[in-house]
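Okay, structure first, notes after.
The values are calculated or read from the model by the stated rules, or taken from the named source; none is laboratory data. The structure presented is a predicted model; accordingly, all values stated were derived computationally and were not measured. Neighbour counts run over all protein chains shown; Cβ positions are idealised from the backbone, glycine included.
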Amino acid sequence: MKPSDLNSQAADLFGNVSQNRSDLYSSFLWTDYKAQLQNRVKGLELEKYFELTPGERIGIADTIRLNVSATPYYISLSDPEDSNCPIRRMILPRESESVFSPEESSDPLHEERLSPVKGLTHMYPDRVLLFTNHECSVYCRHCMRGRKVSDSKERMLTEDLEACFEYIRSHSEIRDVVLSGGDPLNLSDAKIDWILERLEKIEHVKICRLGTRNPVTLPFRITSELCNIIESHNTDRLSIFCNTQFNHAKECTPEAKEAVLKLLKAGVSVGNQCVLLKGINDSGEIMLELHKKLLELRIRAYYMYDPELIPGSRGFRTPLAKGIEIVGYLRGKIAGMGIPSFVNDLPGGGGKITMTPDWYLGFYKPKRMHVFRSALRGTYHLSPEPPDSTMEESYPLLSEEMWERISPNSYGAGEKSDDE
């Protein structure tokens with residue numbers, strides 16, 4: 001076949017994809033979230049809306065994680081031609097998703113081991129995670145609960161939820177309940193109202209957090225009716241927060257901002273928990289752009305997650321040093337409320353720990369000085385330990401050699417240090 005014929009064939013294929021997208025987008029009321037869900041595109045049907053690569057076809061056919069499905073809205077944010085489009089990477093599995101590597105586990109955080117009743121994980125003393133449902137608007141390829149999400153066997157019946165509420169009622173140390181899934185906002189308004197009412201009536205539960213990606217993948221779900229329900233339970237007895245997950249600036253659309261503003265008007269604070277994903281957002285520049293956009297959407301940064309060791313996840317994972325590098329890059333370039341904490345949710349149920357750059361270099365005991373490196377300028381700075389301190393033995397010590405090298409060019413509260 002001549003190169004010109006190949007080019008013509010490719011043009012015809014893209015023309016079909018483009019027309020298919022146009023037909024899909026115009027086939028229903030675009031802002032109707034129920035119609036968006038009814039028109040989700042599943043599995044190999046996605047080939048009508050993307051020029052699939054051979055690896056993507058294998059990924060769709062052989063994924064070992066969870067269903068493949070996306071709303072028309074989220075598809076509209078993606079590039080049908082560019083296989084490296086960040087939104088596309090979160091919609092379409094690649095061949096690597098079909099490989100279960102030795103270090104991976106379907107439940108790396110041991111949530112099932114820490115589940116006293118079906119659908120409830122009690123890892124931290126004062127808080128629990130309540131798995132409300134198994135459905136999402138989009139089945140993101142990096143989802144860490146692929147063992148449960150999109151699996152109809154994991155459906156939470158009313159009696160299952162009642163058992164969870166009974167457990168919470170019987171454990172007075174629990175004051176914080178995270179509603180997750182699936183996506184809790186994929187439940188009906190009536191079911192969400194019922195769940196929040198149950199929680200509000202438990203005297204020792206003071207905080208409810210909604211873990212939802214719908215502001216990103218289906219912002220039309222955040223209706224005035226839903227927000228009225230949430231606001232009715234957001235009272236002096238129960239404080240409701242929302243944590244969502246924007247991973248790339250392309251997701252920060254006017255529709256997303258409108259959804260977030262509705263939540264804010266209902267008195268719900270919105271935070272973001274992004275996931276560090278190889279080839280999608282694993283650079284300081286991309287993360288900076290994302291978090292600048294998030295502040296424009298009035299969303300505060302919360303976490304940046306190191307990806308979990310879930311089946312088929314090698315294609316998404318980055319070196320641990322990459323996340324530390326990104327946090328260091330962000331510091332000084334954006335306000336602190338736009339900088340996420342880089343966390344590793346420890347395998348085996350160890351909980352979250354925060355990973356940070358080495359801004360604190362140590363304590364120089366002869367001078368009783370703490371030595372820091374500036375994130376903003378890279379310069380060295382000194383701060384004395386209080387004279388009445390009894391905690392000097394608890395600090396990592398700075399060596400004499402390091403002190404001699406750093407102190408002549410370091411800064412204190414007054415003038416530049418002269419190492420008196």
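I'd like to know if segment 352-374 contains one or more residues that are in a loop (DSSP other than H, G, I, E, B), at pLDDT 95 or above and among the β-branched types (Val, Ile, Thr).
no
Leu218: crowded, with 22+ Cβ neighbours inside 10 Å and under 29 Å from Arg65 (Cβ atoms), yes or no?
In short, yes.
Pick out the one residue from Leu185, Leu109, Leu120 that is under 17 Å from the mean Cα position of the chain (by Cα), modelled with pLDDT of 95 or more and assigned by TED's automatic domain parsing to the domain that holds Glu251. I'd like the intermediate steps shown before the answer.
Working: Leu109 fails: modelled with pLDDT of 95 or more; Leu120 fails: under 17 Å from the mean Cα position of the chain (by Cα).
None of the other options fit; the residue is Leu185.
Restricting to segment 26-45, name every residue that is without any contact (Cβ under 8 Å) to a residue 60 or more places away in the chain, among the aliphatic types (A, V, I, L, M) and assigned to a helix (DSSP H, G or I).
Matches in segment 26-45: Ala35, Leu44.
Restricting to segment 151-179, give me the number of residues that are within 30 Å of His248 (Cβ to Cβ), surrounded by 19 or more Cβ atoms within 10 Å (Cβ to Cβ) and not β-branched (Val, Ile, Thr).
2
Anything in segment 195-214 that is more than 13 Å from Asn133 (Cβ to Cβ) and outside any loop (DSSP other than H, G, I, E, B)? List them, or say none.
Leu196, Glu197, Arg198, Leu199, Glu200, Ile207, Cys208, Arg209
Every residue, every condition in (1) polar (S, T, N, Q); (2) assigned by TED's automatic domain parsing to the domain that holds Gly279; (3) over 30 Å from His122 (Cβ atoms), yes or no:
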position: Tyr329; (1), (2), (3): no, yes, yes
position: Gly336; (1), (2), (3): no, yes, yes
position: His370; (1), (2), (3): no, no, yes
position: Thr379; (1), (2), (3): yes, no, yes
position: Met391; (1), (2), (3): no, no, yes
position: Ser399; (1), (2), (3): yes, no, yes
position: Met402; (1), (2), (3): no, no, yes
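How many of the residues in segment 343-356 are under 22 Å from Leu376 (Cβ atoms) and either of a type in the set (Val, Ile, Thr) or crowded, with 17+ Cβ neighbours inside 10 Å (or both)? Write out each step before concluding.
Going through segment 343-356, the residues under 22 Å from Leu376 (Cβ atoms) turn out to be 354-356.
If we keep only those that are either of a type in the set (Val, Ile, Thr) or crowded, with 17+ Cβ neighbours inside 10 Å (or both) too, we end up with 354, 356.
Adding up the residues that qualify gives 2.
Specify which of the listed residues (Glu296, Glu289, Glu285) is among the acidic types (Asp, Glu) and either in contact with a helix residue (DSSP H, G or I) (Cβ under 6 Å, 6 or more places away or on another chain) or within 25 Å of Ser399 (Cβ to Cβ) (or both).
Details: Glu296 fails: either in contact with a helix residue (DSSP H, G or I) (Cβ under 6 Å, 6 or more places away or on another chain) or within 25 Å of Ser399 (Cβ to Cβ) (or both); Glu285 fails: either in contact with a helix residue (DSSP H, G or I) (Cβ under 6 Å, 6 or more places away or on another chain) or within 25 Å of Ser399 (Cβ to Cβ) (or both).
It is Glu289.
Looking at segment 174-195 only, could you name the residues that are within 14 Å of Asn214 (Cβ to Cβ) and among the β-branched types (Val, Ile, Thr)?
Initially, segment 174-195 is screened for residues within 14 Å of Asn214 (Cβ to Cβ), giving 179-189, 192.
Within segment 174-195, Ile192 is the sole residue that qualifies.
Considering (1) more than 28 Å from Ser341 (Cα to Cα); (2) surrounded by 18 or more Cβ atoms within 10 Å (Cβ to Cβ), say which one Ala190 fails and leave the rest.
If we test Ala190 against (1) more than 28 Å from Ser341 (Cα to Cα); (2) surrounded by 18 or more Cβ atoms within 10 Å (Cβ to Cβ), just (2) comes out false.
Would you point out which residue out of Glu97, Glu111 is outside any loop (DSSP other than H, G, I, E, B), in contact (Cβ under 8 Å) with a residue 60 or more places away in the chain and crowded, with 18+ Cβ neighbours inside 10 Å?
Working: Glu111 fails: outside any loop (DSSP other than H, G, I, E, B).
Just one listed residue meets the conditions, Glu97.
Restricting to segment 64-92, name every residue that is crowded, with 21+ Cβ neighbours inside 10 Å and either β-branched (Val, Ile, Thr) or at pLDDT below 95 (or both).
Those that are crowded, with 21+ Cβ neighbours inside 10 Å and either β-branched (Val, Ile, Thr) or at pLDDT below 95 (or both): Arg65, Leu66, Val68, Thr71, Ile75, Ile87, Ile91.
Out of Leu294, Leu263, Leu276, report the one residue that is more than 23 Å from Phe220 (Cβ to Cβ), aliphatic (A, V, I, L, M) and in contact (Cβ under 8 Å) with a residue 24 or more places away in the chain. Steps first, please.
Numbers: Leu294 fails: more than 23 Å from Phe220 (Cβ to Cβ); Leu263 fails: more than 23 Å from Phe220 (Cβ to Cβ).
Sole residue among the options that is more than 23 Å from Phe220 (Cβ to Cβ), aliphatic (A, V, I, L, M) and in contact (Cβ under 8 Å) with a residue 24 or more places away in the chain: Leu276.
What residue, among those in segment 18-30 that are loosely packed, with under 13 Cβ neighbours inside 10 Å and of a type in the set (Ser, Thr, Tyr), is nearest to Asp79 (Cα to Cα)?
Within segment 18-30, the first condition is being loosely packed, with under 13 Cβ neighbours inside 10 Å, and the residues that meet it are 19, 22-23, 26-27, 29.
Subsequent filtering for residues that are of a type in the set (Ser, Thr, Tyr) retains 22, 26-27.
Numbers: Ser22: 14, Ser26: 18, Ser27: 20 Å.
Taking the candidates together, the pick is Ser22.
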